Amino acid sequence: MSKRKKIVSFLLAVLVVLAISGCKGGSVANEDIAKRIKKEPTITWGVKYDTRLFGMMDIKTRKVTGFDIDIAKALTKEIAGKNAKADFVEVTSKTRIPLLKNGNIDAIIATMTITKERKEQVDFSDIYFDAGQSLLVKKGSPIKNVKELTGKDTVLAVKGSTSAVNIRKNAPDAKILELENYAEAFTALQSGQGQAMTTDNAILLGMQEENPGYQLVGGTFTEEPYGIAINKGQTAFLTEVNAALGRLHDNGTYDKIYDKWFPNEPGSKAEKGAKF
């Protein structure tokens, strides 16, 4: 076979592999999750690995732990039985929707605020956690609330989140520096690249707990209800998730998980059946 023919044959083989991969990806993304779970009792959840109290990777055990993780495990058993398995895939604010749309995960439970814009891309469960955006600053900072931010202040936020949008609305003169994740944003705060970090109060509480030299100021200036994101077209699975959330409230499991992770924060607990 000539060199040219070999090259053509190789390229054709590559195209065939890509076509098969594409078809497979599409079929996975479009499969009925509710039906699949009945045959294979496993649910794959997209979760954060860098968010203290909600989803944090333990370096020693190599296991991710947090409020979102425990809720996901409880939902998995409610939906698919006590022997069902909850698998976890790391997501960030930027990658979570693409991973869901591609079928890499079944649902997102990752401190994800329900918004009108996101509802155009995905469906959301009932609210499972009521949060609100706040500011984290170094102790002794002159900044006491969002209204005191000026053009001299830089606020650190995470790419793909709603935080930057909300700061622009509430403190239009402030500069904004967006980082890839919460760890990078907090490191930037420590190094003086910004005067305040902003995201949901629940996430910032975890940082404050671990870093006593920093504190939340000004209370919350937005409502940020968290929902579980599920791909469009998965109506049966969405219905099962909402029903399972209701049962977790009824049997006390939700309250036990909440009190485990937020013993001093009764105000952020979502009510059963809360809608957005």
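Observations on the model:
- Within the stretch 242-276, being in a helix (DSSP H, G or I), exposed (fewer than 12 other Cβ atoms within 10 Å of the Cβ) and modelled with pLDDT under 85 holds for Pro266, Gly267.
- Matching residues, the stretch 134-160, being within 16 Å of the chain's Cα centre (by Cα) and modelled with pLDDT of 95 or more: Ala157
- Residues of the stretch 169-203 that turn out to be assigned to a helix (DSSP H, G or I), open to solvent by 40 Å² or more (accessible area, probe 1.4 Å) and farther than 14 Å from Lys147 by Cβ, as a count: 4
- When each of Thr198, Thr187 is tested for being within 23 Å of the chain's Cα centre (by Cα) and without any contact (Cβ under 8 Å) to a residue 12 or more places away in the chain, the lone residue that passes is Thr187.
- Total residues in the stretch 116-144, condition under 21 Å from Val155 (Cβ atoms), in contact with a helix residue (DSSP H, G or I) (Cβ under 9 Å, 6 or more places away or on another chain), of a type outside the set (D, E, K, R) and open to solvent by 20 Å² or more (accessible area, probe 1.4 Å): 1
- Exactly one residue out of Ala110, Ala72, Ala86 is assigned to a strand (DSSP E or B) and not charged (D, E, K, R), and it is Ala86.
- Count - residues of the stretch 61-73 that are crowded, with 20+ Cβ neighbours inside 10 Å and either out of contact with any Lys or Arg (no Cβ under 9 Å at 6 or more places or on another chain) or at positive phi (or both): 3
The values are calculated or read from the model by the stated rules, or taken from the named source; none is laboratory data. Not measured: the values here are computed from a predicted model. Cβ atoms come from the backbone with ideal geometry, glycine included; neighbour counts cover every protein chain shown. Heads up: the accessible areas ignore ligands, DNA and RNA and are worked out on the full protein's heavy atoms, side chains in. Shrake-Rupley method; radii C 1.70, N 1.55, O 1.52, S 1.80 Å.
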